[in-house]
Every structure is written in C-alpha cells, then in structure tokens.
Amino acid sequence: MLLDCTQFADKFSIISESDDLKNKLPALSRDFSKVAEKLRNEIAHSSQEQKSSALLKRESLLPFIDSALKLQEQLLELLRVA
C-alpha cells in the first residue's frame, strides 16, 4: 500500500489536507499530531545519555493517551461507515 511508504509526519499532513477527514476526525488536531510526532521521534531516537522526556511523564502522557483513544474510536467509526 502506498500509504505504508510515507513518513509518520506525512500521514498527518495528508489527512489535514482533507476537509472531510478533518471533520470526521476531530481528535486529530494539529496539537495532537505535533505531540505524537515529537513522542515518536524521542522514542525512536533515544539514547542512554538523553534525559527522560517531559512527554513521557504521567501528567503529559495521560492526556495524550486519552486523545489517542478518542482518535481510535473516530477511526473505527469511519471504517464502519466506509
């Protein structure tokens, strides 16, 4: 599938170009995508010398997880309708 060949941030860009998808996926806000990309990069490119990220602390991570669960529900609903 062609979408498998795109970078993480590019997937968010593709969705953000579609007004229809943005309306159907309100949990996929610009803030959510920025935090998701930053978190993904910190996990993928971490090193032993690097201090623990503020994003990985409970008070930051829990709201992100809540948003991710809302997005998951919206995506599942979108797939059911399609």
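Scanning region 22-42 for residues that are in contact (Cβ under 8 Å) with a residue 40 or more places away in the chain and either within 14 Å of residue 68 (Cβ to Cβ) or loosely packed, with under 15 Cβ neighbours inside 10 Å (or both) yields 25, 26, 27, 28. For region 58-82, the candidate set comprises residues that are among the charged types (D, E, K, R) and surrounded by fewer than 14 Cβ atoms within 10 Å (Cβ to Cβ); within that set, the residue that is farthest from residue 42 (Cα to Cα) is 80. A single entry from 82, 54 fulfils the requirement of being closer than 17 Å to residue 21 by Cα and modelled with pLDDT under 80: 82.
The values are calculated or read from the model by the stated rules, or taken from the named source; none is laboratory data. This is a predicted model, so every value here is computed, not measured. Reconstructed Cβ throughout: ideal geometry from the backbone, glycine too, with neighbour counts over all protein chains shown.
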